[in-house]
1. Let me know the charge dipole size of the stretch 122-268 about its Cα centre in debye, to the nearest 20, where only the beta-carbon of Lys, Arg (+1) and Asp, Glu (-1) is charged.
2. Taking a ≥ b ≥ c as the square roots of the Cα gyration tensor eigenvalues, with a/c under 1.5 meaning rounded and otherwise prolate when a/b beats b/c, else oblate, which class fits the stretch 209-268?
3. May I ask for the angle, rounded to the nearest 10°, between helix 182-191 and the longest principal axis of the chain, with both axes built from Cα atoms and the value confined to 0 to 90°?
4. Calculate one ³J(HN,Hα) per residue across the stretch 101-106 by plugging θ = phi - 60° into the Karplus curve 6.51 cos²θ - 1.76 cosθ + 1.60, and present them in order as whole Hz with x for glycine and proline.
5. Can you give the longest run of the chain that contains no GluC sites (Glu not before Pro) sitting in a DSSP loop with at most 10 other Cβ atoms inside 10 Å?
6. Where the accessible area of the chain is counted over protein heavy atoms with a 1.4 Å probe, how much of it, in %, is carbon and sulfur?
7. What is the set of long-range amide H partners of TRP208 at a cut-off below 5 Å, with H atoms built 1.01 Å from backbone N?
8. Can you give the FRET efficiency for ARG241 and ALA146, using 1/(1 + (r/R0)^6), R0 = 45 Å, r = Cβ-Cβ distance, to the nearest 0.05?
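The values are calculated or read from the model by the stated rules, or taken from the named source; none is laboratory data. Bear in mind that the values here come from a model prediction, so they are computed numbers and not experimental data. Cβ coordinates were reconstructed from backbone atoms using ideal geometry, including for glycine residues, and neighbour counts include every protein chain displayed. Calculation scope for accessible area: heavy atoms of the full protein, side chains included, ligands and nucleic acids excluded. Shrake-Rupley method; radii C 1.70, N 1.55, O 1.52, S 1.80 Å.
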Amino acid sequence: MVARLGMSLLLSAGMAAAQDGPPTRELNGINWIDFQRWVPERIDTVLLPVGTLEAHGVANNGADNTVPEALARDLATRLEAMIAPTISYGFTTSLSAFPGTFRVDPQVFQAYSAEVIRGLSRSGFRHIVVLNGHGPNFELLEQACAEASEQTGVRTLVLNWWTLTADITRDVYGTDGGHAGVNETAAVLATTPEFVHPGHYDPQQAWWRQPGLSAYPFPSSIILYEPEQGYPDFDVPKARRFYERVVTRLESLIETTIEKWRRMEKGG
């Protein structure tokens, strides 16, 4: 009797947990039967990480992928969203000479991104949030999203996480970030610390991309946009505090945008 009661309680708890959310929020992992139970009736938002492979100082070449992927995982439950597989190859420019860096033709990248967004719309998603990890992708993603939105009616939002949280970088670290500088290195350190290699670090790896100077390929993989800006910091607790504030900021921005879309739909 006691055993049966215990089993009943376990089953009830399991059913309650199942009702709280889908068995997984990853489109890579969910079964089609579970997908149709949740999308779009109960979940109409999907997070799409986008990045590339390029040199990032003493962090991983895939930092532009792994940071948006971590953000998607940490935001999905908060936003009641699913997570789409990452678009991992982007439009890389001046760092193309560094080993392991990857470049896709911009027209191909834009066309493919638009097709992915249209596909997510056809799957039932009403809101597609693109978490971009790579600056040169941004304008191409804007155009791809606008094209897909005009064609399908889907609502799209493209976010450069580091731009929207520059004030947090300054508050925590006292400076802006740069490329592979303090903010990007901190985000990797907070989410996948095994991908940061302080032993490889030398401040001479950084260089200021100053007005009136154009070097192609750029000779440094840590790019500063102002003198003395954003050299990497390897303090893990500080990186985690920084990252959590980044997640909270993005959550607020996405929630506000979706709420305004819903009000627009209702004519309010």
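1. I would put it at about 600 debye.
2. oblate
3. Value to nearest ten degrees: 40.
4. 7, 10, 9, 10, 3, x
5. On the way: sites that count: GLU41, GLU228.
With GluC sites (Glu not before Pro) excluded where exposed in loops, the chain gives 42-227 as its longest stretch.
6. So the carbon and sulfur contribution to the accessible surface is 53 percent.
7. For TRP208, the qualifying residues are LEU224.
8. For ARG241 and ALA146, the calculated efficiency is 0.80.
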